[in-house]
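Asks: The structure that follows is given in the form of structure tokens.
The values are calculated or read from the model by the stated rules, or taken from the named source; none is laboratory data. All values reported here derive from a predicted model rather than from experimental measurement. Neighbour counts are summed over all protein chains in view; Cβ atoms, including those assigned to glycine, are modelled from backbone coordinates with ideal geometry. These area figures cover heavy atoms from the full protein model, side chains too; ligands, DNA and RNA do not enter into them. Shrake-Rupley method; radii C 1.70, N 1.55, O 1.52, S 1.80 Å.
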Amino acid sequence: MAAALVTEFGRLFEPWLPQRGSYDEWFHSIRLDDTRRIKGLLDRGFDPATIEPERFDSGLIVALRHKSAKVFHLLLSTPGVDIDARSRNGDTALMIAALQSDTAAALALIDKGAQINRPGWTALHYAAASGNAAIIRRLLDEAAFIDAESPNRTTPLMMAARAGHTEAVMLLIDEGADIALKNELGLTAVDFARAQGHGELASRIEMLLRQRQRASEVPDLRYLLRFPANGTVRVPSLRWPATNIASHLMKLQRTCSV
């Protein structure tokens with residue numbers, strides 16, 4: 001009785017389930033970048049949101065993994081495709097595009113409204129790991145959280161430093177990434193760079209960290225300009241004569257050039 005019910009249930013929903021032949025043809029055609037077959041399957045009503053069983057990859061992600069650019073752009077413009085669909089490990093199409101340094105695909109996904117920020121690993125982590133400055137800039141322009149933390153609290157800056165991508169590291173630092181942050185193991189971006197043999201980059205990051213730390217100890221000298229020449233300015237626990245502005249500016253310049 002139960003077996004008969006299961007069989008009948010399967011027959012009832014059979015029209016909405018991908019047939020094994022078309023299912024195999026779908027993902028095979030994606031891997032071959034065969035837009036003609038993909039269009040034919042779509043015309044026959046194949047569901048473009050179908051997921052492959054091994055990694056739970058969407059068609060978009062399979063296309064990215066296999067460098068099938070024509071199929072990727074076809075699927076991206078197809079109604080019913082979930083551009084934020086996640087693989088078994090949580091990766092999205094945008095994250096895969098960023099990891100593969102596929103600028104065209106990443107920017108196209110962003111233009112379509114792909115999710116930028118999310119808990120855990122993000123597209124910015126992956127763009128930093130691949131060192132793609134163009135993708136990093138665009139993600140930051142779209143309000144990507146620059147100090148996003150992975151499950152083990154690794155940041156995009158740490159990923160860029162680990163891979164030795166100097167341009168990406170400098171870009172993230174220039175945009176305000178926190179150099180002093182540590183992951184769960186207590187490692188900073190400097191530690192990541194040094195552990196992978198990027199000694200010159202590690203020293204450069206370390207120098208920038210010292211500059212930031214020293215600069216943070218110098219009061220904002222703009223406040224001095226609000227007082228008369230013979231007046232006195234009070235800055236957190238300090239008392240500086242306003243007539244001595246020039247020497248303090250010189251001190252700040254020396255501090256930031258170390």
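Asks: Quick check on this structure: which one of Leu208, Leu224, Leu238, Leu249 is touching a strand residue (DSSP E or B) at 6+ places or on another chain (Cβ under 6 Å) and either at pLDDT below 95 or open to solvent by less than 50 Å² (accessible area, probe 1.4 Å) (or both)?
Replies: Going through Leu208, Leu224, Leu238, Leu249 in turn, just one is touching a strand residue (DSSP E or B) at 6+ places or on another chain (Cβ under 6 Å) and either at pLDDT below 95 or open to solvent by less than 50 Å² (accessible area, probe 1.4 Å) (or both): Leu224.
Asks: Applying the selection to region 119-128, what residues are touching a residue at least 12 places away in the same chain (Cβ under 8 Å) and open to solvent by 50 Å² or more (accessible area, probe 1.4 Å)? Working first, answer last.
Replies: Our first condition is that a residue be touching a residue at least 12 places away in the same chain (Cβ under 8 Å); within region 119-128, this holds for 120-128.
Selection gives Trp121 alone.
Asks: Only one of Asp57, Asp24, Asp34, Asp43 is modelled with pLDDT of 85 or more and farther than 23 Å from Ile83 by Cβ; which?
Replies: Asp24 is the lone residue from the list that is modelled with pLDDT of 85 or more and farther than 23 Å from Ile83 by Cβ.
Asks: Among the numbered conditions (1) more than 24 Å from Ala144 (Cα to Cα); (2) open to solvent by less than 50 Å² (accessible area, probe 1.4 Å); (3) touching a residue at least 24 places away in the same chain (Cβ under 8 Å), tell me where Ala168 comes up short.
Replies: (1)
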